[in-house]
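Chemist: One structure coming up, written as structure tokens, with questions to follow.
The values are calculated or read from the model by the stated rules, or taken from the named source; none is laboratory data. All of these numbers come straight from a predicted model, not from anything done at the bench. Cβ atoms come from the backbone with ideal geometry, glycine included; neighbour counts cover every protein chain shown.
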Amino acid sequence: MLSAGPVTSRRGVLAGGAALAALGVLVSACGGSGPHAPAVEDLLGPLDEATRDSALAGAAAAAVGNPPQIAAALTVVAAQRAAHARALATEIARATGNVESSSSETTNPSPSDAAAQPAPPPPPVSDVVNSLRTSAESASRLVATSSGYRAGLLGSIAASCTASYSVALVPAGSTP
């Protein structure tokens, strides 16, 4: 004799499928997470690079013999990289809960130290370009592991460095 099993309607199958889909979305939202913000230590490298690039570009801007447009571009690069350093220092201070000291302190050499050693020659523009290229690559690598504000900050830094070395510091008629 044939037994009659439970009859499933099309409406029941669709409702069950919708419930399973909702459950799948819920489980994936709770179980997996997107990219994490890099550890604060990961931001120290870009901070050091920004500080170094600012000093390097400032020193190169003061070099005698640079075309005026390159000297002006180097001055802008120095100011931008100093702003990047401030933004990174502020983010590090925020992340560590140390919001009072969001700027890095530097010590100035004493006048006797400056008189004892001659000033080093200004760096060539190619040194600034190479340093900016390295900084852009470093920031780009960290963007991939970041989210939110840090991803935007690091992406902005990478874009600024790339634009500086590939557009602003390239003399007219030459290629980077």
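Chemist: Scanning the range 142-164 for residues that are among the β-branched types (V, I, T) and crowded, with 16+ Cβ neighbours inside 10 Å, which turns out farthest from G58 (Cα to Cα)?
Modeler: Within the range 142-164, the match that is farthest from G58 (Cα to Cα) is V143.
Chemist: Residues A139, A82: which one is assigned to a helix (DSSP H, G or I), farther than 18 Å from G58 by Cα and either touching a strand residue (DSSP E or B) at 6+ places or on another chain (Cβ under 7 Å) or modelled with pLDDT of 90 or more (or both)?
Modeler: Result of the check over A139, A82: A139.
Chemist: Between a first residue in the range 38-67 that is surrounded by fewer than 21 Cβ atoms within 10 Å (Cβ to Cβ) and a second residue that is modelled with pLDDT under 90 and of a type outside the set (A, V, I, L, M, F, W, C), which pairs have beta carbons less than 6 Å apart while being 6 or more apart in sequence or on different chains?
Modeler: From residues that are surrounded by fewer than 21 Cβ atoms within 10 Å (Cβ to Cβ), the pairs are V40/T96; A59/P122; A59/P123; A62/P122; A63/P122.
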